[in-house]
């Protein structure tokens, strides 16, 4: 009787070999990729940690006030003060820096790819399964190769975060470009627009609200990776949670989780208000 | 002088369009080709020329290929084969850069859906073509402002398109087309999305603009009245073919085939033509029923305009009633200045639906002194049908019958 008892394709062996081969021969290349991420990450986190907490709180309050209103500003101020009183100020600043760096690189990579996919069906078809894989592959699967290639620490954590947080931005950028009415593109062409003029004067401005929604998603997903990143030695708010889990310190883990939630709400509301504000402008 | 000449133009959509052209040349029909190969023939063997400074209307029902045809004149759609000569130059031989330059300098286009940029102000929209051409901001805004003035949109420069009504939006579309000062204006069903009142107004506007500055206009339409009203010459398309080209009179008096004839007459015109088809809003006097609208003011207006009747609408364009100068005078006399407009309404003034046929409305038109108001299903005012208009329509339909008999 036929059965699948025997393994026919030793894919696991191949993958192990490929990773080993990459680690042995091309580690220098991956260290090179790491460098710009490291540069921005340490710059931002050093900057945030060196700044007086009061100034940082005031700055966030001001941003919240500006993009949304008094309500969000008060919520932001209270939440940040609470985080400080809970004793997680420096962890919060490191997490903030990690989220910021991953969002910067997600934007640098994601928006151009999104635009490319938005303008070409072929690119879109190639990218889609890749994005699906990036979004659904359990993070634990790629944590080990990431550690092998990039070693442990905050930077490796950011790189793992980028893999997970990139897809929504690419998808929503592509969607935004595709949603632009074909008649508008046609009108631009009829008046003698070149391909890049169509992109810069019609497609990107009209896709901007959708791209901003993608950015918001990317920020949220970056935050949700904080704990997993802490498992490969990244600092920040994930660290107390992981420590709390390992030592069965329920209180520590919960308070760390609370700080993450507060930070997530602040960042979400601020970026969402920015997106809808943009929306109102173009309507 | 010939401005645009198209010769034997074909457009076939599908994987191997050239094969479609070959099959057409072998005498296969559009339908046979679709069944055999899956290719869609949009335009087949179209040839005509447009003279400098004329309004050339391409008319046909939806699916006749007219929208595809106009897009081949600036290569928004790439022709499968044939020639498009503009000022003697075949635009199909142009490379990318030449084509961009051609589109920026020689042509502009007005779209059925307006296709205004929602993120730009009216002024920025009007300046769009000039901006693409790299003109500096001050200069292009000056020219855009001038174009907006030409279409009667002064003072709205800072508005966004979604704040304007359909008619105004299309004025912006027209201003955008005029701002680049093109030789050729391509208008793809430019007024078809507008309601009849505004449509006529825009047609007048176009004719006025044409009086001031003659351009070569290629106007696409499915509306016979529009074609007759604005066209210097008309081309009629059916199933992707141009079946007749001529002045409105030529086509009226000598329709090339049954299809063309069908445009100009129904089997029984009074049963086919509806009140909405012939209703006109240009002739009657319309007054708005507002708090300020008094019988005295309306009477004054009628005497200034030398009219006998006025039609009263509310702010939503809904038809309320008809007043005559006599009924107004009575209301003024009886009411001692306190009377309202509705006191002057003629009691037997009824409106008809725009879908009613001429047969249905004949008794009303014949028995009343005033032109009969026509409303749509939401009781919004669409125009009126006067005795005169009614008879002229019958006469035109009659002529069609006459020529059909003489042709057979």
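Table for the structure above
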| item | result |
| --- | --- |
| Burial ordering of B:160, B:10, A:26, fewest other beta-carbon atoms within 10 Å first | A:26, B:160, B:10 |
| Degrees between helix B:96-105 axis and first principal axis of chain B (Cα, 0 to 90, nearest 10) | 30 |
| Inter-probe distance in nm under a simple model that places probes 7 Å from Cα toward Cβ, at residue A:31 and residue B:359 | 9.3 |
| Using a Förster distance of 22 Å, the FRET efficiency for residue A:224-residue A:142 (Cβ separation, nearest 0.05) | 0.90 |
| Normalised per residue, the volume of the convex hull around the Cα set of the stretch B:119-233 (Å³) | 103 |
| Label-to-label distance, nm, for residues given as residue B:192 and residue B:165 (7 Å Cα→Cβ offset) | 2.3 |
| Degrees between helix B:295-305 axis and first principal axis of chain B (Cα, 0 to 90, nearest 10) | 50 |
| Alpha-carbon Debye profile of the protein assembly as shown, log10 I(q)/I(0) at 0.05, 0.07 Å⁻¹ | -0.41, -0.72 |
| Helical mean residue ellipticity (222 nm; -39500 (n - 2.57) per DSSP H run of 4+; nearest 500) of chain B | -12000 deg cm²/dmol |
| Mean-position separation - Cα centroids, the stretch A:28-55 and the stretch B:96-128, in angstrom | 46 |
| Fraction of antiparallel bridges per DSSP, the protein assembly as shown only, in percent to nearest 5 | 60 |
| Length-normalised contact order for the stretch B:52-146 - Cα pairs under 8 Å, 6+ apart - percent | 14 |
| DSSP beta bridges in chain B [antiparallel fraction, %, rounded to 5] | 60 |
| Residue among A:230, A:259, A:187 with the largest mean-square fluctuation in a Gaussian network model of chain A, springs linking Cα atoms under 10 Å | A:187 |
| Cα convex hull of the stretch B:1-105, projected area averaged across orientations, nm² | 7.2 |
| Alpha-carbon spread of the stretch B:49-186, three principal axes, descending order, Å | 45, 36, 27 |
| Coarse-grained scattering of the stretch B:276-392 at q = 0.14 Å⁻¹, given as base-10 log I(q)/I(0) from a Debye sum over alpha-carbon atoms | -0.55 |
| Cα-based shape type of chain B, given that a ≥ b ≥ c are square roots of the gyration tensor eigenvalues and the cut on a/c is 1.5 | oblate |
| Separation in nanometres of the label points that stand 7 Å from Cα toward Cβ, at residue A:3 and residue B:89 | 7.9 |
| Helix-derived mean residue ellipticity, 222 nm - over chain A, DSSP H n ≥ 4, -39500 (n - 2.57), to 500 | -28000 deg cm²/dmol |
| Nearest 10 degrees, 0 to 90: helix B:166-179 Cα axis against chain B principal axis | 40 |
| Relative compactness, chain A, computed as alpha-carbon Rg over 2.2 N^0.38 Å | 1.15 |
| Average other protein chain Cβ within 10 Å of Cβ, residues B:119-127 | 2 |
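The numbers here are math on the coordinates, done by the rules we state, and not lab data. Just so we're clear, the structure is a prediction, and the values are computed from it rather than from any experiment. For neighbour counting, all protein chains shown are included, and Cβ atoms are generated from backbone atoms with ideal geometry for every residue, glycine included.
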